[in-house]
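What follows is a short report on a single structure.
Throughout, read-outs are computed from the coordinates displayed, never taken from laboratory work. All values derive from a computational prediction rather than experimental measurement. Every residue, glycine among them, receives a Cβ derived from its backbone with ideal geometry; neighbour counts consider all protein chains shown.
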Amino acid sequence: MSKNFFEKAVDWGRRKSPWIIHFNAGACNGCDIEVVDALTPRFDVERLGLLQQGTPRHADVLVCTGAVTLQTRDRLKQIYEQMPEPKFVLAVGSCACTGGIFDGCYCVSGGIDSVIPVDAYIPGCAARPEAIIDAVVKLLTALEQSQKAAD
Amino acid sequence: MLMALFNIVIFPGLLFLGIYALFFAFLDRKLYARLQNRVGPPWFQPLADFCKLLGKETIIPQGADRRVFVSLPVFALAAVTTAFIYVPIWSVNSLFPFEGDLIVVLYLLTIPTLCFFLGGWYSTSLYATIGAVRALTQLFSYEVPLFMAMLAPAILAETWSISGISAYYAEHPLYILINIPAFLVAMVACQGKLERVPFDLPEAETEIVSGTFVEYSGRLFAIFKMAIDCELVVVSALIAAIFLPFHAANPWLGFLYFIIKTVIILILLCLFRASMARVRIEQMLMFCWKILTPLAIIQIIINLLVRGALA
């Protein structure tokens, strides 16, 4: 069944306006600084429609850094559940992808995908701002392809 | 009947106001970005945001009163749209001018702020409650100088209707120079009304997440955002009508003048926003009551004296 005009407009809006919220699940702060760096005027992610939001209720993309510690495990789950559908998760940095050097530690449950589903992985220690922006663009391209496939 | 429906839904009602508000939101964000040496968002950005929010899931908190929570954004948007009908657009006259419409418009523009307060209050979230209380505290500080600054030109023109004021200053263009302090006071105070940067305390993303709107998501948040964007248009149109009364007899030319005037006001507001940082709530109260209000009172006294001298 082909999509009608309004569904297409919403699909287009989703591709053009990804609002992010940043969550530190137990990172060493290296990746967090790179995420903040990606939001500075130098990289100007607003040209892609990206805006940082304060509350998970307004966000579409959850940008997670760090291996998930047992302390943040439940909080991460809560924040993910507070976000309205449709939502996406970016794992920024090696620790967020797999657990990194903290994998198997007594207080760490592993990468972000050990708790919530992840849509894009950005490896790197720390991940560069260019890599983060590239991942967002790739996520949006993949979203466009899946929307076209559903049409 | 058909004409009234056209006025409400298409021009100058919801549709025109909505499109113009999206354009204003874009211009505001683009200018802000350029002032920060950035490229800024593309022209369709506010529309894309609006479409996306309409398609998102709407979550209503468990503790919130469902009916009030859902109806508040609509109330805010309706009040702003109603206020726009009484603001002159293409000529000196608005659509339905009457004696006292200045007061009606000012009070209609207070309703969105009260909706933000109630929305935050009914969200039963801690951050939203703090934001709501701040919105109300702020209301009591900027509202007084804003009202006095808007009423000072009315005293000189001896009329309480926006159209009457516009017509008076169109006849005596030099008198607008007397109102320059009131113009400045109105520009500063309306930043508080629009919850823009030096006075965006109720939203304050970095400290109280996003204040009154914390629990609003999806469609309801889209309507709230639309109400805020529309309020920006209505307030700049109101300031343009009162303080910049340059009109043309031809309605098309008058409409062009309207766009030029409101864009100039938006540029000034944006410059103001880009050059300031957020103040604390008590700093804002001090500033509004100790500087803006006396300035507005002095303006009223000057206008009364000028009125007496002219009589």
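Note on A:56-67: average number of Cβ atoms from other chains within 10 Å of each residue's Cβ is 3. Amide H contacts under 5 Å for B:VAL87: B:LEU95, restricted to partners 5 or more places along the chain or on a different chain, H placed in the peptide plane at 1.01 Å from N. Quick one: what are the phi-derived ³J(HN,Hα) couplings along segment A:102-114, Karplus 6.51/-1.76/1.60 with θ = phi - 60°, whole Hz, x for glycine and proline? Residue by residue, segment A:102-114 yields 8, 4, x, 5, 5, 10, 10, 8, x, x, 4, 6, 7 Hz.
Would the protein assembly as shown count as rounded, prolate or oblate if I go by the C-alpha gyration tensor, calling it rounded below 1.5 in a/c and otherwise prolate when a/b exceeds b/c, oblate otherwise? Prolate. Centroid-to-centroid, using Cα positions, segment B:149-192 and segment B:51-121 are 24 Å apart.
Stokes-Einstein D for chain B at 4 °C, 1.567 mPa s, Kirkwood Rh over Cα pairs, in µm²/s? Diffusion coefficient, whole number: 65 µm²/s.
Against chain A, whose longest principal axis is taken from its Cα atoms, helix A:5-16 shows a tilt of about 40°. Put the Cα centre of segment A:22-96 next to the Cα centre of segment B:1-40 and the gap is 31 Å.
Counting only whole DSSP H helices of chain B, the ones at least 18 Å long by C-alpha along their axis and with mean Kyte-Doolittle hydropathy no lower than -1.0 are B:14-35, B:66-85, B:101-122, B:126-157, B:180-193, B:218-243, B:251-274, B:293-310. Taking Cβ atoms as reference points and 15 Å as the exclusive limit, the residues near A:SER2 contribute a net charge of 0, counting Lys and Arg as +1 and Asp and Glu as -1. With respect to chain A, whose longest principal axis is taken over its alpha-carbon atoms, helix A:129-150 is tilted by about 40°.
Can you list the aspartates and glutamates whose alpha carbon sits under 16 Å from that of A:LYS77, skipping same-chain ones fewer than 8 residues off? Cα-Cα hits under 16 Å: A:ASP60, A:GLU85, A:ASP113, A:ASP119. Net charge in the neighbourhood of B:CYS270 (other residues with Cβ under 14 Å of its Cβ; Lys, Arg +1, Asp, Glu -1) is +3.
Averaged over the residues of B:208-217, the number of partner chain Cβ atoms lying within 10 Å of the residue Cβ comes to 4.
For chain A, report the translational diffusion coefficient in µm²/s to the nearest whole number, using Stokes-Einstein at 37 °C, 0.692 mPa s, and a Kirkwood Rh over Cα pairs. Rounded, D is 209 µm²/s.
Selection among A:TYR106, A:LEU139, A:MET83 by position relative to the dipole of segment A:16-150 gives A:MET83 as farthest towards the positive end (Cβ unit charges, Cα centre).
Computed from the alpha carbon atoms alone, the convex hull of segment B:114-256 holds 120 Å³ per residue. Return the FRET efficiency for the residue pair A:PHE5, B:PHE6: r is the Cβ-Cβ distance, R0 is 25 Å, and the value is rounded to the nearest 0.05. Here the calculated transfer efficiency is 0.60.
Considering only B:THR212, B:LEU136, B:LEU146, and ranking their Cα positions along the charge dipole of segment B:95-247 that arises from unit charges at the beta-carbon of Lys, Arg, Asp and Glu, the one farthest toward the positive end is B:THR212.
Charge dipole (Cα centre; +1 on Lys/Arg Cβ, -1 on Asp/Glu Cβ; no other charges) of chain B amounts to roughly 560 debye. For A:VAL89, the amide hydrogen comes within under 5 Å of the amide hydrogens of A:LEU62, A:ASP119, A:ALA120, counting only partners 5 or more places away or on other chains and with H modelled in the peptide plane. Only one residue of B:LEU31, B:ALA64, B:VAL74 has its Cα farthest out toward the positive end of the dipole of segment B:8-120, where Lys and Arg carry +1 and Asp and Glu -1 on Cβ, and that residue is B:LEU31.
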